[in-house]
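Below: one structure, written as structure tokens.
The values are calculated or read from the model by the stated rules, or taken from the named source; none is laboratory data. None of the values given here were measured: they were computed from a predicted structure. These accessible areas exclude ligands, DNA and RNA; they are computed on the full protein's heavy atoms, side chains included. Shrake-Rupley method; radii C 1.70, N 1.55, O 1.52, S 1.80 Å.
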Amino acid sequence: MIDLSTSYMGLKLKNPIVASSSYLWQDPKNIKKADKSGAAAVVLHSLFEEQLEIEQEELNKFLLQGTESYAEALTYFPEIKEFKFAPDEYIELINEVKADSEIPIIGSLNGVSDGGWIKYAQKIEEAGADALELNIYYIPTDTSATSGEIEENYYNLVKSIKQKIRIPLAVKLSPYFSSTPNVLNNIEKSGADAFVIFNRFYQPDIDIKNLEITPNLVLSTSEELRLRLRWAAIMYGKIKSDIAITGGVHTGTDVIKSIMAGAKVSMMTSALIKNGIGHIEKVLSETTEWLSKNDYDSIKSIQGIMSQKNVLEPSAYERANYMKTLGSYK
Ligand SMILES: Cc1cc2nc3c(=O)[nH]c(=O)nc-3n(C[C@H](O)[C@H](O)[C@H](O)COP(=O)(O)O)c2cc1C
């Protein structure tokens, strides 16, 4: 028997596969399906700052920097009605799925400012969520905002949310920092128990016929995993917080790579949208098969074995690998 059990920010999980945040989990039947297919935990879709009671000034400060006018900027905001779930319904959903599910349920908040909306962290906890994931999705456009100021806002937001809850807090981030290790270290000091790396920023496209900016959501492929592997491998052992990889996990091989790099769990969304929720079962059996064939008796035994601190050539994760990679292309 291969032991797939692991832990993630203090939660005991039966295996390292977590269904990441998306609309799929707005339907409790899908959560049941994920549970049956073997998911170790589910991260619910996010409650967005824009949906919640907004302290408008705070939000404006973040979102409207660099835009020409408030009215124009508002046209890019999501319409509240596009979201099926009002905040109260979200809280009810947690109540409902917690009563009927064996696996941990992680709530999700998505925002940038340290405003009144963060009281929902507490409501998510009270509704029974086992943990909270905070997705900070921020695109700076103001030429006078320094990276230090922006990062300080991240730390303050994490501190404020942490003060409101006792359940574990994961922070989902983008890869676009000058010093990812320093930012992770400071967010950990601000109270994060885990990091979810990395957010995919959905890049807008330009419709050249109608001269419009069009949203363009493309699902991931396994190629995207590499960026995550590099940073999980570099951060493993440098921070105490657990690492979850999101972005490009589609197969058992992707799960094995994620854990070897240093992640505690691998998260999936695109693969489940493409192949159906039952795909979790296939990925789990591929993971188990690989471990068995290669004489490992547990997922824990491969944890971090390919992290920067454990590989023979640590520079492979650094700049030194750049010339070698370019030279290897024939
Ligand atoms: C349709 C769709 C909806 C998503 N909704 C959310 C969300 O509400 N909150 C969030 O934090 N991430 C959301 N995500 C991001 C996923 O949780 C995940 O981090 C990302 O898709 C990368 O993983 P993947 O390669 O497995 O898709 C969404 C992704 C997709 C494709």
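For the chain, report the % of Cα-Cα distances exceeding 39 Å.
Details: 6763 of 54285 pairs.
Summing the P(r) tail past 39 Å for the chain gives 12 percent.
Over the chain, what is the percentage of antiparallel beta bridges among all DSSP beta bridges, to the nearest 5?
On the way: 6 of 37 bridges.
Within the chain, antiparallel bridges account for around 15 percent of the total.
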Given backbone amide H placed at 1.01 Å from N, residues whose amide H is under 5 Å from that of Ser298, ignoring those fewer than 5 places away on the same chain, are Asp3
Extension length gain for Thr325 and Glu289 (0.36 nm per residue less Cα distance), in nm, is 9.9 nm
Length gained if Ser144 through Ile2 is fully extended, taking 0.36 nm per residue and subtracting the Cα-Cα distance, is 45.7 nm
With -39,500 (n - 2.57) per DSSP H segment of 4 or more residues and division by the full residue count of the chain, the 222 nm estimate, nearest 500 deg cm²/dmol, is -11000 deg cm²/dmol
Spelling it out for Tyr236: with amide H atoms placed in the peptide plane at 1.01 Å from N, the residues 5 or more places away or on another chain with amide H under 5 Å from its amide H are Gln308
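Output the relative contact order of the chain, whole-number percent, from Cα pairs under 8 angstrom with separation of 6+ residues.
Values: 594 pairs, mean separation 61.7, N = 330.
The normalised contact order for the chain reaches 19 percent.
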Residues whose modelled amide H sits under 5 Å from the amide H of Asn135, counting only those 5 or more places away in sequence or on another chain, are Leu109, Asn110, Gly111, Lys172
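Quick check: at a probe of 1.4 Å, how many percent of the accessible area of segment 86-197 sits on carbon and sulfur atoms? Display every interim value, and only then the final one.
On the way: 1940 of 4430 Å².
It is 44 percent, rounded to a whole number.
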The rounded separation in angstrom of the Cα centers of segment 113-176 and segment 94-110 is 19 Å
Ranked by GNM mean-square fluctuation in the chain (Cα springs under 10 Å), the top entry among Thr269, Thr288, Thr141 is Thr141
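For the chain, what is the accessible area per residue in Å², given a 1.4 Å probe and the full set of protein chains?
Values: 16560 Å² over 330 residues.
That works out to 50 Å² per residue.
Among the listed pairs Lys98/Lys123; Lys172/Lys309; Lys123/Lys240; Lys162/Lys309, give every one whose C-alpha distance is greater than 21 Å. Working shown, then result.
Details: Lys98/Lys123 14 Å; Lys172/Lys309 24 Å; Lys123/Lys240 27 Å; Lys162/Lys309 30 Å.
From the list (Lys98/Lys123; Lys172/Lys309; Lys123/Lys240; Lys162/Lys309), the Cα-Cα distance tops 21 Å for Lys172/Lys309; Lys123/Lys240; Lys162/Lys309.
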